[in-house]
Amino acid sequence: MEKISHLGQTLTRWRVGQSTFLALPEKGARLMNWHVTLGDGSVRDVIYWPEASSLADFAKIKGGNPVLFPFNARSYDRGEIQFWRDAAGVRRPMPMHGLARQGDFKVTRLDAGGFAAQFVPGAEALASYPFDYEFTVTYRFEPFGLTCEYALRNLGTSPLPWSAGHHFYFTVPWSEGAVRKDYVLRLPATKRYKQDFTTGQLLPGPALQAEENLANPALIDTIHTGLRSNAVVFGEKGKPGDVIVRLGTAPVPPADAAIVTWSSSDDAPYYCVEPWMGPPNAPEHKIGLHLVPPGETGIFSVNVAVK
């Protein structure tokens, strides 16, 4: 583990086995990059981070793993975006992807195996999610993988709503000369949705196979639920080095747990496979909305490995 200076920020770098991880825990608890040194000495990026000339707009950089909390993606209240309504009927603002990715964190553990960081709510968070809680992001790094755990501790007297998620930007393609159509995704979902970006409602999604080519445009912005397994696998067809994303620790996740597939364009150097606690706009439609009782802690854990 070492500290490095980059574009006016002090980053932390870990080397664990053949993996190297780069993060800025104090800003959004953000994992920025993960790459693996292969047996021939070459380097493969697993988590993508772009070449940037500035980190001034750090939260909006397309790369790494932005933390989506308390709610993922777009929230709506009665058709109006960037609002939500709590259990008491109070309407509150809620930015795209929530509050954590642009928020400050306090590092509570930093060692050779990873870090833990606790969210420090600012004015935006106090207006949007004015509850008594502790939200902690913990990373544990491994030679060929990582585990990231979210812990939401309810310090108040009423149930605490959340439906958090990850926004992993995976490097695709990762082999020289390969293109996106050379990669396949194995995702055992039984139900799929799209979100109506005008109203926030969930609409029926496309009919897809358990194995799909990553170049299939129908995958973009699709919400996959009813997962028959917690393991989602994607990689270059017929070659080693698959990425395995495990949503939770149970062999079969909760029925409303979701994987979202997205990329900004056909030729973007990344592809996002995003494990979420539930579909977007959970406070309104209640699908995938979780409640943490007073005095208890809710946990959401994800593991990513290269095989």
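Derivation of every value follows stated rules applied to the coordinates shown; laboratory data play no part. For clarity, every value in this text was computed on a predicted model and none was experimentally measured. Using ideal geometry, Cβ is built from the backbone for each residue, glycine included, and neighbour counts are taken over all protein chains shown.
Descriptive notes on the structure:
- The simple spin-label model puts a point 7 Å past each Cα toward its Cβ; for Asp196 and Lys237 those points are separated by 3.6 nm.
- Among Ser128, Ser301, sorting on how many other beta-carbon atoms sit within 10 Å of each Cβ, with the fewest leading, yields Ser301, Ser128.
- Sum of side-chain charges, Leu152 neighbourhood, beta-carbon under 14 Å (Lys, Arg +1; Asp, Glu -1): -3
- Footprinting exposure proxy ranking of Phe300, Phe119, fewest other C-beta atoms within 10 angstrom first, gives Phe300, Phe119.
- Shown here for segment 174-253: trypsin sites (Lys or Arg not before Pro) in loop regions (DSSP other than H, G, I, E, B) with at most 15 other Cβ atoms within 10 Å, namely Arg228, Lys237.
- Pairs of lysine residues in the chain - Cα separation under 26 Å, sequence separation of 8 or more or cross-chain: 24
- Order of Tyr270, Tyr76 - criterion: other Cβ atoms within 10 Å of each residue's Cβ, fewest first: Tyr270, Tyr76
- Linear extension gain, Leu110 paired with Ala218, 0.36 nm per residue minus alpha-carbon span: 34.8 nm
- DSSP beta bridge pairing in the chain, given as percent antiparallel to the nearest 5: 100
- In this rough spin-label picture, where each label sits 7 Å from Cα along the Cβ direction, the Val179-Thr297 distance is 4.9 nm.
- DSSP beta bridges confined to segment 27-162 are antiparallel in about 95 percent of cases.
- Each stretch of four or more DSSP H residues adds -39500 (n - 2.57); spread over every residue of the chain, this sum gives -500 deg cm²/dmol at 222 nm.
- Near Val304, once Lys and Arg are set to +1 and Asp and Glu to -1 for all other residues with Cβ below 13 Å from its Cβ, the sum equals -1.
- Each Lys or Arg adds one and each Asp or Glu subtracts one; over the other residues with Cβ under 15 Å from the Cβ of Pro204, this totals +1.
- Rel. contact order, % - alpha carbon contacts under 8 angstrom, at least six apart, the chain: 18
- Contour excess over end-to-end distance, with Cα ends at Ala88 and Leu155 and 0.36 nm allotted per residue: 22.3 nm
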